[in-house]
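The values are calculated or read from the model by the stated rules, or taken from the named source; none is laboratory data. Values in this document were obtained by computation on a predicted structure and should not be read as measured data. Cβ placement follows ideal geometry from the backbone for every residue including glycine, while neighbour counts extend to all protein chains displayed.
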Amino acid sequence: MSTVIRDPEVLSRYERDVSVVQGRPDGVVRPTEVDQVEQIVGLCAKEGTPVLAVGARTSTTGASVATDGGVVVDMTALGTDAQVDPQTATLRAQPGAVLADLHLLARQHGFDMPVDPTSSPDCTIGGAVATNASGPSSFRHGAIADWVVGLEFVDGLGQRRRLRSPGVPKRAMGPAALQDAPRWFVGSEGTLGMLTEATLRLRPSPKSMIG
Ligand SMILES: Cc1cc2nc3c(=O)[nH]c(=O)nc-3n(C[C@H](O)[C@H](O)[C@H](O)COP(=O)(O)OP(=O)(O)OC[C@H]3O[C@@H](n4cnc5c(N)ncnc54)[C@H](O)[C@@H]3O)c2cc1C
């Protein structure tokens, strides 16, 4: 079980994100294994204690502030590892991976991940998926929901679950889009579960870029 940190100095560091919203958690956990996320969420569910997943806390809306107290689960502790699979043109990352590092990794393998919120140098893939992050490239390539093909998360009862995209075209509308289960999770701001791994498809690196 991951230790619940109650040191006031540590708690005060989690009182704010970049918004004006403020709220003090009763405890902070920094799980290093998915099992620990399952345990803490399961325990909090039984006790009715609020839990909040946070990444780099670059939220401008107070979404990563524990306004109801409870336990903040710092998902960056789970790791920043990521791998590119050139065969399937996909990238798999742990929730603490920083977007800018993933851009670099994709480029090193001859691919491009056109998801570029301005906060890319700081924000995590976990936070980007949870907020359906978008950026300048989204005008042409859509938001991150259009690139996510697989997710692993811990649900509100503390159970690990996996979602896979069935291969429906990402810009599909209507009933076809409803079959794309990962899409339901993207943008849910942590309300459907804590993301522990994300798989994104990649596109071949463009031959040239302007700017
Ligand atoms: C200077 C600046 C520029 C920005 N530019 C953009 C932009 O261009 N486009 C854009 O979309 N946003 C932008 N943002 C907003 C913010 O950076 C993004 O929403 C970012 O994706 C959040 O990532 P994070 O790791 O900081 O998440 P956090 O701020 O820590 O969390 C954000 C939300 O995601 C949830 N969450 C975090 N990690 C997980 C997880 N592992 N599982 C489940 N839920 C989780 C939190 O509970 C919270 O609801 C900007 C912010 C700043 C400060």
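Observations on the model:
- One residue from 51, 98 being in contact with a helix residue (DSSP H, G or I) (Cβ under 6 Å, 6 or more places away or on another chain) and not basic (Lys, Arg): 51
- Each residue in segment 67-82 was checked for being in contact with a helix residue (DSSP H, G or I) (Cβ under 8 Å, 6 or more places away or on another chain) and more than 11 Å from the ligand (Cβ to nearest atom), and 4 of them qualify.
- Residue within segment 121-129 that is more than 8 Å from the ligand (Cβ to nearest atom), at pLDDT 95 or above and among the charged types (D, E, K, R) present: no
- Considering only residues in segment 122-157 that are charged (D, E, K, R) and surrounded by fewer than 18 Cβ atoms within 10 Å (Cβ to Cβ), the one that is nearest to residue 95 (Cα to Cα) turns out to be 122.
- Segment 72-90: number of residues that are in contact with a Ser or Thr (Cβ under 6 Å, 6 or more places away or on another chain) and not hydroxyl-bearing (Ser, Thr, Tyr): 1
- Of the residues making up segment 186-211, just one is surrounded by 22 or more Cβ atoms within 10 Å (Cβ to Cβ) and away from the ligand (no atom under 16 Å from the Cβ), namely 202.
- Failed criterion for residue 96 (all others in (1) at pLDDT 95 or above; (2) more than 16 Å from residue 151 (Cα to Cα) hold): (2)
- Some residue of segment 30-37 being out of contact with any Lys or Arg (no Cβ under 8 Å at 6 or more places or on another chain), farther than 19 Å from residue 195 by Cα and not charged (D, E, K, R): no
- Candidate set from segment 80-99 (those that are of a type in the set (Val, Ile, Thr) and part of a loop (DSSP other than H, G, I, E, B)); member that is nearest to residue 111 (Cα to Cα): 88
Here is a yes/no grid of residues against (1) farther than 22 Å from residue 207 by Cα; (2) touching a helix residue (DSSP H, G or I) at 6+ places or on another chain (Cβ under 6 Å); (3) outside the structural domain of residue 94 (by TED's automatic domain parsing); (4) not aliphatic (A, V, I, L, M):
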{"site": "110", "(1), (2), (3), (4)": "no, no, no, yes"}
{"site": "113", "(1), (2), (3), (4)": "no, yes, no, no"}
{"site": "119", "(1), (2), (3), (4)": "yes, no, no, yes"}
{"site": "122", "(1), (2), (3), (4)": "yes, no, no, yes"}
{"site": "131", "(1), (2), (3), (4)": "yes, no, no, yes"}
{"site": "134", "(1), (2), (3), (4)": "yes, no, no, yes"}
{"site": "140", "(1), (2), (3), (4)": "no, no, no, yes"}
{"site": "148", "(1), (2), (3), (4)": "yes, yes, no, no"}
{"site": "151", "(1), (2), (3), (4)": "yes, yes, no, no"}
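Matching residues to (1) in a loop (DSSP other than H, G, I, E, B); (2) within 8 Å of the ligand (Cβ to nearest atom); (3) farther than 28 Å from residue 51 by Cβ; (4) not hydroxyl-bearing (Ser, Thr, Tyr):
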{"position": "115", "(1), (2), (3), (4)": "yes, no, no, yes"}
{"position": "118", "(1), (2), (3), (4)": "yes, yes, yes, no"}
{"position": "133", "(1), (2), (3), (4)": "yes, yes, no, yes"}
{"position": "149", "(1), (2), (3), (4)": "no, no, no, yes"}
{"position": "153", "(1), (2), (3), (4)": "no, yes, no, yes"}
{"position": "157", "(1), (2), (3), (4)": "yes, no, no, yes"}
{"position": "184", "(1), (2), (3), (4)": "no, no, no, yes"}
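- Segment 38-59 residues that are within 11 Å of the ligand (Cβ to nearest atom), paired with ones that are of a type in the set (Phe, Trp, Tyr) (beta carbon under 9 Å, 6 or more apart): 54/14; 57/14
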